[in-house]
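Presented below is the structure to which this report refers.
The values are calculated or read from the model by the stated rules, or taken from the named source; none is laboratory data. Since the model is a prediction, treat every value here as computed from it, not as a measurement. Positions of Cβ are generated from backbone atoms using ideal geometry, with glycine treated the same way; all protein chains shown enter the neighbour counts. All accessible areas refer to the heavy atoms of the entire protein, side chains included, with ligands and DNA or RNA removed. Shrake-Rupley method; radii C 1.70, N 1.55, O 1.52, S 1.80 Å.
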Amino acid sequence: MGMDYSKIDRWILAEDSFDPVHLGKCEAVMSLGNGYLGLRSATEEKYLGETRNLLINGTFDLFDSSEVTELPNAADVTAMELWIDGERFSLDQGGYAGYSRELNIHTGELTRQVEWTSPGGSRVGLSFRRMVSLKRLHDIAMEVTVICLDRPVTVKLRSGIDARVTNTGTQHFTEGEKRFYEKKYIQLLETTLQSDITFVLNAVHRFALNGVPLELETDVNIDRRVIYADYTVELKPGDAFTAEKYANVSTTRDLDCAGLSVPQLQARTLEALKASADLGYQALAEESAAQWRLEVWEKAPIEISGDKNSRMDLFALRFAQYHMRLMLPRHDNRMNIGAKGLSGEGYKGHCFWDTEIFLLPYYMFTDPEAARKLEEYRYLSLPGAHKKAQDNGYQGAMFPWESAWLDDGETCPLYMGTDILTGTPIKVWSGIIEQHITADVAFGAWQYATIAGDQDFLERYGYELIMDTATFWASRLEPGEDGRYHINDVVGPDEYHEHVNDNAFTNYMACWNLNKAIAYHDHLKTADPALFQRLDEKLSLSQVYPKWVDGAARLYLPQPTAEGILPMDDRFMDGEEIDLSKYKNQEFVAGIMKDYNLDQIQRLQVCKQADCLVLFYLLEDQFPPEVKRASWAYYEARTVHDSSLSLSTHSVQAADMGELEMAYDLFRRASMIDLGPYMGTSDAGIHAASFGGVWQCVIYGFGGVRMLNGKLRIQPNLPCGWDRLDFTLMWKGQRLRVSAAKDSLTVENLTKTAPVFVTLNGVETEL
């Protein structure tokens, strides 16, 4: 199988041959969705090794007490199996020609064509179309056309709803009611075991022969966890038989279904299915494509012009935008973005610091309304953060490393993977001691409110969230013999070093969190006494404020060495140095774990991913250029980029320093994590945060956009192969159009309802 990049100018990613051994790649990267649901693009016919996923955002369930909550895999509505003269259509038997599978990222439609010859010699042409509506969040539509190419054939189609699916073996549902209304409309119910969420799935088929509507006799079959029908038609040479399948899914957790009983939900969703089917596949596809233009391509247009490689660069960026819309729960602030989006079961649908640090910037600068909902999710999940703090003996809000539903609390599993030397399960310490997530959440709330100019958010949620997290840090600090406070026994962003003390990223971000809370406290005390009083009553500000001040003043902050290198923690620079070229050049991640176990790696100078460099990126004005440059050179040589989050951070830092060749190389590598030809990268799902990183490489790195201390800066630095970069940004309610070339920069305020103050190439300017 190969990825075909010849159609990228038409917004199309294609697969030019079929390989049943590597199904996961296209299933994930060509997945469809709309933020409410994610549909992994398994083929209509079934294969050994496939993963069929229909994931509904926010519907987390716990199988038993030994596991953690995860998004359950809902019943499959996409299987449509065909028999040609009694032989099952499958590309691993018989022969085929003219194969192509294409994802059009502009319209969100998946298509496939192939000419198949059965083992018995029957020859047919097959075409498949599939879409998930961006307009109608519950809707899925499919179309299959069979063309008889030479001798007459008998075609049998089997299609329905199949609940015989699991999450890698775990069944999250009790079997529910199955109905076949009027021998036409299929309905299946299933209910999650622990969270008690009922799913209602519906499907209906419409047929045509040579473009003329066709009624077929229905052979209904209902069995355990499955309901389907068989349809049979005779075709003569030249005949074209088309089967359209319309499906929808709704749950009792949906906001738009709140208050409905299950019977009411059954009735409403069935009527919605009938309305969609009456519109027809083409109308639904055109309606959804128009929504893609409105929500993404017209709202956040980006253009890159330059050498031949710039065509792929632009497609990679648009591919990132496509997936960042698929994963966005724009409809519901009770949900966030999982590390695999909705494209697979990896990381169980949980969200991490990935949202605040890597994904949020895209939404803040292109869709502030959606960004606000992501931040409201963090506020709504404060009860779980309070519980985690209390369970660990702290005060305030201690955010979970992995978050799922609002009241799930910490959902990081205790064990994952196997020690290469001992053969025992590896304990996952992140859920216990990777605590920088709390400051990351506070930073995200401040970033959003500042860039959007959203004072209402601050007053309703932001001030409280930042102060509550500061209270955690004040209670977390440990006094040392040097008279300073320390943060001991943590994991920083570089997860190859556990149980370290004074991780630079953690300490500096905690100090930022404390100082921001202090600044807001002092401001509100005089500027808004009524709000201050409410927060004082809720958070006991009079008691915790002195602790914030003391903690911020005495917290130990690692300082650069004589060579200008900021120590990552208290022991990294004392580790053994080894040749990392083998691991830096591998096509797969975590190769070093095949030669060393984690205990050994922790004694080496090797980083899984960017650590100090993320700090320079977020708080860049706190570090002099010579420290950033020396530290970048030191850590880049020692980082194997075993996290999809890492390459983009290094690229942005390299661009800031004018190392454009290195920055561009890192950007290209980041953009190919999922989009590239390596076949095993995406089996568990796409790498959601890496798409935000790709956008940041372009807009932050080469576009030179940054928000520093509440002010906007634009200072482009284009790579040598690019002649021009054009994009739009939202800043405090104003839409800006930015056009950057090698020797010019133009910024225009398109909204024009308020002045914009921005620093352009070092010059403070008012638009």
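Considering only residues that are in a strand (DSSP E or B), open to solvent by 10 Å² or more (accessible area, probe 1.4 Å) and either in contact with a Ser or Thr (Cβ under 6 Å, 6 or more places away or on another chain) or of a type in the set (V, I, T) (or both), which ones fall in region 215-227?
Scanning region 215-227 gives V220, I222.
Name the single residue that is farthest from I357 (Cα to Cα) among those in region 576-618 being among the aromatic types (F, W, Y) and surrounded by 14 or more Cβ atoms within 10 Å (Cβ to Cβ).
Here the residue is Y596.
Table: residues versus (1) in a strand (DSSP E or B); (2) of a type outside the set (D, E, K, R); (3) under 26 Å from the mean Cα position of the chain (by Cα).
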residue	(1), (2), (3)
V144	yes, yes, no
D150	no, no, no
G160	yes, yes, no
E177	yes, no, no
I186	yes, yes, no
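For every residue, the table says whether it meets (1) surrounded by fewer than 21 Cβ atoms within 10 Å (Cβ to Cβ); (2) in contact with a His (Cβ under 7 Å, 6 or more places away or on another chain); (3) modelled with pLDDT of 95 or more; (4) farther than 30 Å from T639 by Cβ.
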| site | (1), (2), (3), (4) |
| --- | --- |
| Y485 | no, no, yes, no |
| D489 | yes, yes, yes, no |
| N503 | no, no, yes, no |
| N515 | yes, no, yes, no |
| I518 | yes, no, yes, yes |
| D522 | yes, no, yes, yes |
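With the condition being more than 23 Å from the chain's Cα centre (by Cα), I'd like the helices (runs of 4 or more DSSP H) fully within region 631-709 carrying at least 1 qualifying residues.
Result: 646-656, 660-675.
Based on what the data block shows, is A247 in contact (Cβ under 8 Å) with a residue 40 or more places away in the chain, open to solvent by less than 70 Å² (accessible area, probe 1.4 Å) and in contact with a Phe, Trp or Tyr (Cβ under 6 Å, 6 or more places away or on another chain)?
no
How many residues, within region 423-463, are closer than 16 Å to F358 by Cβ, assigned to a helix (DSSP H, G or I) and either open to solvent by 50 Å² or more (accessible area, probe 1.4 Å) or out of contact with any helix residue (DSSP H, G or I) (no Cβ under 8 Å at 6 or more places or on another chain) (or both)?
Number of matching residues: 1.
Condition check: assigned to a loop (DSSP other than H, G, I, E, B), open to solvent by 60 Å² or more (accessible area, probe 1.4 Å) and within 30 Å of N73 (Cα to Cα). Does D743 satisfy that?
In short, no.
Considering region 419-462 alone, what residues qualify as being hydroxyl-bearing (S, T, Y), over 16 Å from F399 (Cα atoms) and within 27 Å of the chain's Cα centre (by Cα)?
Y448, T450
Of all residues being under 27 Å from K25 (Cβ atoms), outside any loop (DSSP other than H, G, I, E, B) and without any contact (Cβ under 8 Å) to a residue 40 or more places away in the chain in region 53-100, which is least open to solvent (accessible area, probe 1.4 Å)? Just the residue, please.
Taking the candidates together, the pick is G95.
Kindly provide the set of residues from region 714-767 that are small (G, A, S) and at negative phi, ordered by number.
Those that are small (G, A, S) and at negative phi: G721, S739, A740, A741, S744, A754.
Sort out which residues of region 105-136 are open to solvent by 40 Å² or more (accessible area, probe 1.4 Å) and touching a residue at least 60 places away in the same chain (Cβ under 8 Å), and write them in order of number.
Across region 105-136, the qualifying residues are H106, R129, K135, R136.
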